[in-house]
Structure formats: structure tokens, C-alpha cells
There are 2 protein chains.
Amino acid sequence: MPTTPPSTARLAVSTVIFALRADRAGGPPALWTPLVRRTREPQLGHWALPGGWLPPNEELETAAARTLRATTGLAPSYLEQLYTFGGVDRSPGERVVSVVYWALLPSDEAARATIGPNVRWVPADTLPDLAFDHAEIIAYALWRLRTKVEYSEIAHALLGRTFTLAELREVYEAVLRRPLDPANFRRTMLASGGLQETGEHRAGTPHRPPKLYRYDPAGTAPGAREPFRDAERTAS
Amino acid sequence: MPTTPPSTARLAVSTVIFALRADRAGGPPALWTPLVRRTREPQLGHWALPGGWLPPNEELETAAARTLRATTGLAPSYLEQLYTFGGVDRSPGERVVSVVYWALLPSDEAARATIGPNVRWVPADTLPDLAFDHAEIIAYALWRLRTKVEYSEIAHALLGRTFTLAELREVYEAVLRRPLDPANFRRTMLASGGLQETGEHRAGTPHRPPKLYRYDPAGTAPGAREPFRDAERTAS
DNA sequence: GCAAAAGTGTTAGCGGTACACCCATGG
DNA sequence: CCATGGGTGTACCGCTAACACTTTTGC
């Protein structure tokens, strides 16, 4: 970092937000994402990712969480840096470098996310025309979510604090878009996962009441955290 | 990206560079990385990652490749975005956001990398005191390399254009820091890998001359590339 | 021919998948 | 008592680790 003329690129932080929503009540849930309508040029009126310029004294991750809260009224249950997009021509007129984060919201809270005229939730795999390169960015975030769900334990972040194994399986099925064997899923989760029984059961089901679980990684020693808590791994 | 007051943070691009070097001739190779001595405040005289401010009209990846070339005189055989570090206090006095890349160099070329008084190669796992948060950054890049080598085929980027299976195995062993079974390694590579026999053999060995291979992913259709060519995957 | 690395064959164990089956509850 | 999802048992398959063995060269 030699002290030379300042960079003229402007730094923005944007966030791709995912939550589960059922199209019709009782139906299987799917991934949705909120977009905001641009109220300024360039691309006025187009739908875009929530975000804004990076304030000089705010951490990157804090900025991502703040814009997330501004557009949904909610706090993320998971938040991780995705990638930094800096193509010279991605914004007409000026150089903009965007540090993009991706986030998961608990579905119970997401149901009461604030909705204004300039915020719109859309299914994550059928997007409208988006401003700038934001369609690519969301596609990449989706790919990352789908990849990461397979080897990591982030799926619970799309549920509330307690959940049944069937609900957790629904999350995996929605994200991976394929059915999973309930029997094997149960064992895999109970074995390698940090799932803990709450002792409670979900009431009001038409059939046998299922156990409720909490995500609580018992095997992890306090303070023993991976590098950067959200370290990266790159696909072949 | 609303049009509001410009961000005051300055944008830098840095690169963590890895190459294989043998400590003593004939010995097993290990990972080394080049550092540059800072010639300005802050942290004047400290060793740091190669890098610099982002020029307004240069792509991020191009900037990374350029600084890499400036410090080593070489072109990378592999280059990927690592992470963006933007902590408010990571540089004293002013806010600096660094987009960091990591790179691999072919070992045959790396042997004739330029070395000046302000460039120093050090073993990647025993670093001297570094400027800013660069020690963390290198540790993270190392972790990413070690993780990625296990599920991806980037190891060949640390060798020349052709290589024997024993040489390729040495790369894996150096990166993973554990011995691998030669027999199983051979089969795994030949099965899942894009290795292609050149028809040639390495001459001058004291024993049976091994076949030379080239990395040439035959299964990959032209133009069929993964998202961003270097997509990410996050550890648990 | 002897040492050493290149290269092949064979087997055991482990984890994932498929699927048959029993359990518990509301109606 | 029946339908339905919750929950358990088990057999098979493919992959990998381990390691014995054969081949080919330089000296």
C-alpha cells in the first residue's frame, strides 16, 4: 500500500438476501430474495440489490447488515462475504467496486419483513431484469448457497430457533431442488450435526408429533473458530 | 449504488503468491512466498504483500497480475480472488480496503524469479513480522490453497507444462504436509483428472524412466466454464 | 544382478443410498 | 382402526486406504 495518488473508484457494499417462502400455504417453500427499486440515475427505476456506498468508518460486514436491516427490517441469521465485483464498465459513467455479501434470514421472521413500494420480493431463480450486473451476482450467490449447503451446516439459518427434522429437510430440498430420503437425512443430521433435542414436540400436527431440535454445535470449543468464520472454498 | 457522497476509503489490490522451492537440492520442496519491503510510511521497512492502489481503469485481476509481475518478473499459472479485507483500523491513519488475490507460479519459472534488495522469498509457514494484517491474509491464503488442493485440480499449476506423477505427488505432499500412497495417488489422478500422456519420458533418472503428463482437461467443453472461473466454497 | 523407483492387482473397511419395516398420533 | 408422517433396521454399492507384487531402468 504505497502512498500514491488516491484510487478514484468508489466503494459500495451490496447484499444478496435469501429467505424461504411458501408460494401457497401448505405448499413446499422456495427461495426468495428482496430487491429495491433504484430512485436515482443510473438505471433509475430498475430493480437492484440492497446496498449503498461504504461509509468511511463502518466495517464492511456492518454495512451489509445495516442495508439488510434497512430493506427488510430484520437481522440476518447468517452473513458472509461473497465476492468483490470491480469490472471497469459495470456501472456507466464511473468506476464502482462492490463488495458483495450474502445473507440468510429465518423464515418465521421473514414472513413479517417490511414491504414498501420500493421493495419487492421475487423467487430467487426467476428474476426480473436487474440493474448493472446484479443478475449475475445473485446467480453466483445462489450457486454458493447451493454448494455450501451440501458440506456445511447453514441450512438451519433459514429456520427459526427450533425446528423439526422434516422442516430442516424441507430447507435442504428447497435449496437443492431435489427430494431427500427422510430416513437417511435424519441419521446424517443427527450424526454429523450439532443438533440438540429441546425435549419439546411440535403440536397441532395431524399425525405423530415430531421432536423439536435446536442448532447448537456442542462439539465446537468456545473460541475455536475457523479462519474468518466464513472461509472460502473454491469449486473445481 | 445511489449517487451520494463518495466513499473516502482507498482501494488497494494485493496478491499472495505461492511457488514451490526445495530448501536444499534434491530435498523435498516446500511452499515459499515473495514479500516486498515497504519504502514508505506507514510501516516503512516492514515486509508486506506485493500490491498497490487500484488504477481507475484497470480490472482487479489485471492489477493483481501486474503487481505479481512487477515483483517476480513472472506470469501466474493460477490467479483467483481470495477475500476483501476492509477493517476500519487495519491501516493507521486512513481507511484502506484491500481486494486480495492469490496466485500460483510454475516452479520451473519461479527458480529464475527476479530478486532485488526489496524482495525476499520466505517459507510460507514461517513468516517474519509483517506489515498491517498481512500475516493473517497469508495464513488465510495458505489455508485456502490447502483446502482447494483436496477437491480441485490446481496442483499442476505449481509445476511446469509437463511433469511426472511422482512430481505431481510431491506437490500434493508439500501442500498437504503428509505422505501419499504412490499407487493410489496414481490411480486417483488418472481416473478423475484431466491428465494426458505426452508419450515422452523423463530422462536422466537413476532408475526406471517415468512417463511425462500434461494437464489437459479433455472432459471440459470449450466455453463451458464455472461461474467466475474461480467460484468459492466456504468451509463449515 | 541388485537397488530403487515406476507401475499393477487385490482386499478390507467405511460412508452413502435404497428401501423394508415398525411406531405413534389424530380423526 | 386406519391413514399418515415420525422414526429404526439393514443390505448393497462404490470409493478409498493399505499393501503385496511385478516391471524397468542405471549402475
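The values are calculated or read from the model by the stated rules, or taken from the named source; none is laboratory data. Remember, predicted model here, so these are calculated numbers, not experimental data. With ideal geometry, Cβ positions are generated from the backbone for all residues, glycine too; neighbour counts draw on all protein chains shown.
Here are the numbers for the structure shown:
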{"item": "Test: B:Val149 is under 16 Å from the mean Cα position of the chain (by Cα) and within 15 Å of DNA strand D (Cβ to nearest atom)", "result": "yes"}
{"item": "Test: A:Gly52 is surrounded by fewer than 21 Cβ atoms within 10 Å (Cβ to Cβ) and either away from every other protein chain (no Cβ under 11 Å) or among the hydrophobic types (A, V, I, L, M, F, W, C) (or both)", "result": "no"}
{"item": "Total residues in the range B:160-176, condition in a helix (DSSP H, G or I) and closer than 19 Å to B:Asp108 by Cβ", "result": "11"}
{"item": "Among the candidates B:Ala135, B:Ala157, residue that is more than 16 Å from DNA strand C (Cβ to nearest atom) and either under 14 Å from B:Leu20 (Cα atoms) or in a loop (DSSP other than H, G, I, E, B) (or both)", "result": "B:Ala157"}
{"item": "Filter result for A:Tyr78 (within 9 Å of another protein chain (Cβ to nearest Cβ), modelled with pLDDT of 95 or more and closer than 19 Å to A:Ile137 by Cα)", "result": "no"}
{"item": "Test: residue in the range A:177-185 that is modelled with pLDDT of 95 or more, within 14 Å of chain B (Cβ to nearest Cβ) and either out of contact with any Leu (no Cβ under 7 Å at 6 or more places or on another chain) or closer than 29 Å to B:Leu142 by Cβ (or both)", "result": "no"}
{"item": "Residue match in the range A:47-62 (condition: in contact (Cβ under 8 Å) with a residue 24 or more places away in the chain and hydroxyl-bearing (Ser, Thr, Tyr))", "result": "no"}
{"item": "Output for the range B:93-105, where each listed residue is in contact (Cβ under 8 Å) with a residue 60 or more places away in the chain and either more than 14 Å from every other protein chain (Cβ to nearest Cβ) or surrounded by fewer than 18 Cβ atoms within 10 Å (Cβ to Cβ) (or both)", "result": "B:Glu94, B:Leu105"}
{"item": "Hey, A:Arg90 modelled with pLDDT of 95 or more, within 16 Å of DNA strand C (Cβ to nearest atom) and within 14 Å of another protein chain (Cβ to nearest Cβ) or not", "result": "no"}
{"item": "A:Ala113 vs. criteria away from DNA strand D (no atom under 16 Å from the Cβ), under 16 Å from the mean Cα position of the chain (by Cα), more than 14 Å from every other protein chain (Cβ to nearest Cβ) and modelled with pLDDT under 95", "result": "yes"}
{"item": "Conditions (1) small (Gly, Ala, Ser); (2) within 10 Å of chain B (Cβ to nearest Cβ); (3) more than 13 Å from the chain's Cα centre (by Cα): number failed by A:Ser14", "result": "(3)"}
{"item": "Of all residues making up the range B:83-99, the number that are closer than 17 Å to A:Ser98 by Cβ and of a type in the set (Gly, Ala, Ser)", "result": "2"}
{"item": "Matching residues, the range B:186-210, being without any contact (Cβ under 8 Å) to a residue 24 or more places away in the chain, more than 8 Å from DNA strand C (Cβ to nearest atom) and assigned to a loop (DSSP other than H, G, I, E, B)", "result": "B:Ala203, B:Gly204"}
{"item": "A:Leu35, sole failed condition from (1) within 13 Å of chain B (Cβ to nearest Cβ); (2) among the aliphatic types (A, V, I, L, M); (3) touching a Lys or Arg at 6+ places or on another chain (Cβ under 7 Å)", "result": "(1)"}
{"item": "Qualifying positions in the range B:90-110 - within 24 Å of B:Thr39 (Cβ to Cβ), assigned to a loop (DSSP other than H, G, I, E, B) and within 16 Å of the chain's Cα centre (by Cα)", "result": "B:Leu105"}
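Table: residues versus (1) exposed (fewer than 15 other Cβ atoms within 10 Å of the Cβ); (2) away from every other protein chain (no Cβ under 14 Å); (3) without any contact (Cβ under 8 Å) to a residue 60 or more places away in the chain.
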site	(1), (2), (3)
A:Tyr140	no, no, yes
A:Arg144	no, no, no
A:Ala155	no, no, yes
A:Leu158	no, yes, no
A:Arg161	yes, yes, yes
A:Thr164	no, yes, yes
A:Glu167	no, yes, yes
A:Glu170	no, yes, no
A:Val175	no, yes, no
